[in-house]
Amino acid sequence: MMESTYPTTRDIARWWKDVLKCPKHVIAPMVDASELPWRMLSRRYGADLCFTPMIHSKNFVKDQKYRNENINACKCLEDRPLIMQFCGNDPKVLTEAAIFAKDYCDGIDINLGCPQKIAKTGHYGAFLQDEWKLIENIVKSINQNVGIPISCKIRVFEDVEKTVRYAKMIEAAGCWMLTVHGRTIAQKGVMTGLANWNIIKIVRESVSIPVLANGNIQYLSDVQKCIDATGVNGVMSAEGSLHNPALFAGIQPNVWQVALEYIHLVKQFPCPMSYSRGHLFKIFHHV
C-alpha cells in the first residue's frame, strides 16, 4: 500500500501536458462502442485522447478471462494516451481494478454519469451522485493505494449550486480531471434534450483541475463553440462521433470509405461482431 497522496497542481499540469498532450478532441467511453478498432479509427481523424468502454470493476477483479480481454485491448502502443473507465460502488474493488489496470493506461476514470436502467440496477454511474461520501472514498482510495491519475465523469444536477459543490467535493478528494456531461440523470431517451453548457461553464470556473465538456457535439464547429462558451480544456464526443468518426477532422468522408477503414481495423484488432455491427449501423444510418 502506498502512502496517502494527493495530486499537486504541478502533478496535474505535468500529466495534462506531458502525458495526455493537452487533449482538445476526446472520444467518450461508450459501452460496446469505444473499443480498440474504433479508437484507432478515431485517432486517424483527429482524436487526441480516447476512453475505453465502461468496464465493470467487480468482474474485472474476479474474472480473469474478462480482465485479460480488457487488458489485451489496451496493449496497442499507438492507442495512447488512453484512459480506462470503470464502474462500481465499492472503493476496495475499484482500487483493486485500478491496480490491475494501471500499467496499461494513462489514467483511471470512474463512471459517475451513466443514467441507464442497468446502472440503477447495478447501483453505479449517475445513481451514485447523491452518495458523496462514497464517491469521496472511491477517489481517495485509488489515490492513496494505486498511484495513477484518476478522473471522474459526472452529470449535472438541476441545482447549479449543488452541481458546483459536487464537482468541488470530487476535486478535493483527489480527482485529476473532470468530465461534465451537461445533462441531468433524467435527460435520457426521448427526454434527452440539449446539454446545458452554462452549468459546465460555472463548474469550470469553480475548480482548478482540467475539465472536459460533454454534450451537443455533432460537428467540428461545435467544439470551438463549446470551448468559447464554457472555457473548458477539451471537448468529448460520443453520439456525434459514432455517426461521423471524422468529426474532429472537420470532414464528412464517404460512408463506404469509413466503413471499409473500420473493417480493416477490425481485421487487425478483432472485436466482438456485435460492436462492428453497431458501428456500421450508425455509419450508414443517414444514407
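The values are calculated or read from the model by the stated rules, or taken from the named source; none is laboratory data. From a predicted model like this one, the values you see are computed outputs, not experimental measurements. Glycine also receives a Cβ, built like all others from the backbone with ideal geometry; neighbour counts cover every protein chain displayed. Heads up: the accessible areas ignore ligands, DNA and RNA and are worked out on the full protein's heavy atoms, side chains in. Shrake-Rupley method; radii C 1.70, N 1.55, O 1.52, S 1.80 Å.
Could you grab me the full set of residues in the range 1-40 that are assigned to a helix (DSSP H, G or I) and in contact with a Leu (Cβ under 6 Å, 6 or more places away or on another chain)? The answer is 37, 40.
Only one of these is open to solvent by 10 Å² or more (accessible area, probe 1.4 Å), at pLDDT below 95 and over 19 Å from residue 83 (Cα atoms): 201, 225, 188, 168. Name it.
Numbers: 201 fails: at pLDDT below 95; 225 fails: at pLDDT below 95; 168 fails: at pLDDT below 95.
One residue alone meets the criteria, 188.
Cβ-Cβ distances below 6 Å connect the following pairs, each with a first residue in the range 240-257 that is under 15 Å from residue 44 (Cβ atoms), a second residue that is of a type in the set (Ser, Thr, Tyr) and part of a helix (DSSP H, G or I), and a separation of six or more residues or different chains: 245/42; 247/241.
A count restricted to the range 44-73 and to residues that are over 15 Å from the mean Cα position of the chain (by Cα) and either open to solvent by 10 Å² or more (accessible area, probe 1.4 Å) or within 18 Å of residue 275 (Cα to Cα) (or both) stands at 18. Does residue 55 fit the bill of being in contact with a Leu (Cβ under 8 Å, 6 or more places away or on another chain), closer than 23 Å to residue 182 by Cα and of a type in the set (Val, Ile, Thr)? No: the conditions fail for residue 55. Annotation note: Cβ proximity below 9 Å between a residue of the range 1-27 that is under 16 Å from residue 79 (Cα atoms) and open to solvent by 70 Å² or more (accessible area, probe 1.4 Å) and a residue that is modelled with pLDDT of 95 or more and assigned to a strand (DSSP E or B) (sequence gap 6+ or interchain) occurs for 21/49.
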